[in-house]
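I have placed the structure first, in the form of structure tokens, so that the comments after it can refer back to it.
Nothing in this text is a laboratory measurement; each read-out follows from the coordinates by a stated rule. These numbers come from a predicted model, not from an experiment. Note: ideal-geometry Cβ built from the backbone for every residue, glycine included; neighbour counts use all protein chains shown.
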Amino acid sequence: MNAVYILWKREIIRYFRSRARIVGSLGQPLLFLIALGFGLGPVFQRAGQGNYFEFLGPGVVSMGILFTGIFAGIQIIWDRQFGFLKETLVAPVSRFEIMLGKALGGATVAFMQGVFVFVLTLLLGVRISSLAFLPIALVSMFLIALFFTALGIAIASLFEDMQGFQLVMNFVVQPTFFLSGALFPLSGVPKFLQLIASFDPLSYGVDAVRGAVTGQSHFGMGIDITVLVVLTFTVLAIGSYLFSKIEI
Amino acid sequence: MDPDKNIIDVRDLVKNFKGFTAVDSINFEVKRGDIFAFLGPNGAGKTTTIKMLTTLLGPSSGTIFLNGIDVVKEAEKARKSFGIVFQDPSLDDELTAYENMEFHAILYGIGKTTRTERIKELLNYVELWERRKDLVKTFSGGMKRRLEIARGLLHHPKILFLDEPTSGLDPQTRNHIWDYIKKLNSSEKITVFFTTHYIEEADRYAKDIAIMDHGKIVTKDTPENLKKKTNSKDLEAAFLRLTGTTIRDEEASGIDRLRMRSRVWGGRR
């Protein structure tokens, strides 16, 4: 377990050491909040859907976690390139411990990034409907973080270099975000879009956070959390299998 | 097989990749306490062999014993008995020298008190104690190598693998690094297994040499005997006589391509 701890700690040290990265990755969520939140807010209101900014807030929080998490996982490719992964793989610890330490470290980093975006949405005017639900929001955020970090590791285990990274961004990460209901309510959209969204893991993450913050969820928070837990364990298992197959 | 005499014992080792045989049934042993040079042109199969010796790659067939431990069957146990300095730097640039050492020590399960003492001892040994709080990215190539050697020694290994430990370094730094290695070999009785393209290093420091080419061991002997056998004035001439003068073209792997791209980008993560 010491190995898991030190791998986790490495991610945390590196995260806090690169303050530019922390501030930099707040830029995109801020843009979404301002442009879409304030830009589309009035239309949303006129359509009788209520406060769009409060609706969008949890979606943007989830987006921040998604991007940071996937990226933290994908960084294994960099570790591989810069040789550090070899140092880890010749150590007398199991591949599973290495994968777990990295996943937990990356997830913690993505979670913290999510908390920063969350604070940002609060500063810009999102109000939490009930403080009692705050822990549920935080747990959901951590599950989203762990899921996508593990997914990033699984994907990274399949690639030898960054050639495929753009592919992953365009065909996995972007669709996952845009089709998740982070930006629009899933009730009332065409059936095919609803169907796609119901296969998108992030839909459940967004819905859980939104349910905890605004008190309104699409699938129901019980289902959201259950789906998130099951998916997270599944992708952790797949990730550690693929990671165990890496040859340097 | 006698682990007291031969600390490395390789029998009928084979590694097949899709369509070709990188290592073709090689046999060799390394005596305990030896400084052993493993030479060969690019693409001869040296790196593949080292990867198998250090558990990073599973052999297609054959056996490897390190310090009496079966590397294939007891990989985790075998890993404790060797230290390795890879061909390419394997430090975390964003961590300090001390943090890199600590990371390694914890991965190898070294307890806190021993850890603190041993890190201090080794950083002093490679003259980096004063720089322990600096990020590794501020280090020169020679300093990074010294730190890697110190790190490879943290867990008291019996064997130290050095894959081209001095490539890309100036003669001053190379001599300096060899001073450490020789001192280690004599004072701590560590067996040193190294590869290099600087054939004169093998001539100067190795007690025994194996030359590999086209996946096979071409010859094994002392530097003196190799020169005598081939009637050469120096080891480089002997090496060329044994392996020919044709240039070997290696196909770039994905990692090589990535490395090149990172050079274009300036090596930043």
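Scanning the range B:9-63 for residues that are among the aromatic types (Phe, Trp, Tyr) and in contact (Cβ under 8 Å) with a residue 24 or more places away in the chain turns up B:PHE28, B:PHE36, B:PHE38. Of the helices (runs of 4 or more DSSP H) lying entirely inside the range A:1-60, those containing at least 2 residues that are of a type in the set (Phe, Trp, Tyr) and either touching a Gly at 6+ places or on another chain (Cβ under 7 Å) or surrounded by 20 or more Cβ atoms within 10 Å (Cβ to Cβ) (or both) span A:2-17.
Conditions tested, residue by residue: (1) closer than 23 Å to B:ILE217 by Cα; (2) of a type in the set (S, T, N, Q); (3) within 11 Å of chain A (Cβ to nearest Cβ).
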site	(1), (2), (3)
B:LYS31	yes, no, no
B:PHE38	yes, no, no
B:GLY43	yes, no, no
B:THR54	yes, yes, yes
B:LYS73	no, no, no
B:GLU76	no, no, yes
B:GLY83	no, no, yes
B:LEU91	no, no, yes
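In the range B:71-90, the residues that are of a type in the set (Asp, Glu) form Cβ pairs under 6 Å with partners that are not in a strand (DSSP E or B), at six or more places apart or across chains, as follows: B:GLU76/A:PRO92; B:ASP88/A:GLY83. Taking the criterion of being touching a residue at least 40 places away in the same chain (Cβ under 8 Å), crowded, with 19+ Cβ neighbours inside 10 Å and either at the interface with chain A (Cβ under 9 Å from one of its Cβ atoms) or over 26 Å from B:GLN172 (Cβ atoms) (or both), the residues of the range B:101-143 that qualify are B:HIS104, B:ALA105, B:TYR108, B:ILE110.
Among the residues making up the range B:79-91, a single one is among the charged types (D, E, K, R) and crowded, with 23+ Cβ neighbours inside 10 Å: B:ARG79.
One residue stands out among those in the range B:144-162 that are in a helix (DSSP H, G or I) and among the hydrophobic types (A, V, I, L, M, F, W, C): the one that is surrounded by the most Cβ atoms within 10 Å (Cβ to Cβ), which is B:ALA150.
Conditions tested, residue by residue: (1) without any contact (Cβ under 8 Å) to a residue 60 or more places away in the chain; (2) more than 14 Å from chain B (Cβ to nearest Cβ); (3) within 30 Å of B:LEU56 (Cβ to Cβ).
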residue: A:ARG21; (1), (2), (3): yes, no, no
residue: A:GLY48; (1), (2), (3): yes, yes, no
residue: A:TYR52; (1), (2), (3): yes, yes, no
residue: A:SER62; (1), (2), (3): no, yes, no
residue: A:GLY69; (1), (2), (3): no, yes, yes
residue: A:PHE84; (1), (2), (3): yes, no, yes
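Hey, any hits in the range A:129-140 for a residue that's in contact (Cβ under 8 Å) with a residue 24 or more places away in the chain, surrounded by 24 or more Cβ atoms within 10 Å (Cβ to Cβ) and more than 10 Å from chain B (Cβ to nearest Cβ)? Yes - at least one qualifying residue is present in the range A:129-140.
Pick out the one residue from B:HIS176, B:HIS214 that is of a type outside the set (Ser, Thr, Tyr), touching a residue at least 40 places away in the same chain (Cβ under 8 Å) and surrounded by 12 or more Cβ atoms within 10 Å (Cβ to Cβ). Going through B:HIS176, B:HIS214 in turn, just one is of a type outside the set (Ser, Thr, Tyr), touching a residue at least 40 places away in the same chain (Cβ under 8 Å) and surrounded by 12 or more Cβ atoms within 10 Å (Cβ to Cβ): B:HIS214.
Of note, B:LYS158 satisfies the criterion of being touching a Ser or Thr at 6+ places or on another chain (Cβ under 7 Å) and of a type outside the set (A, V, I, L, M, F, W, C).
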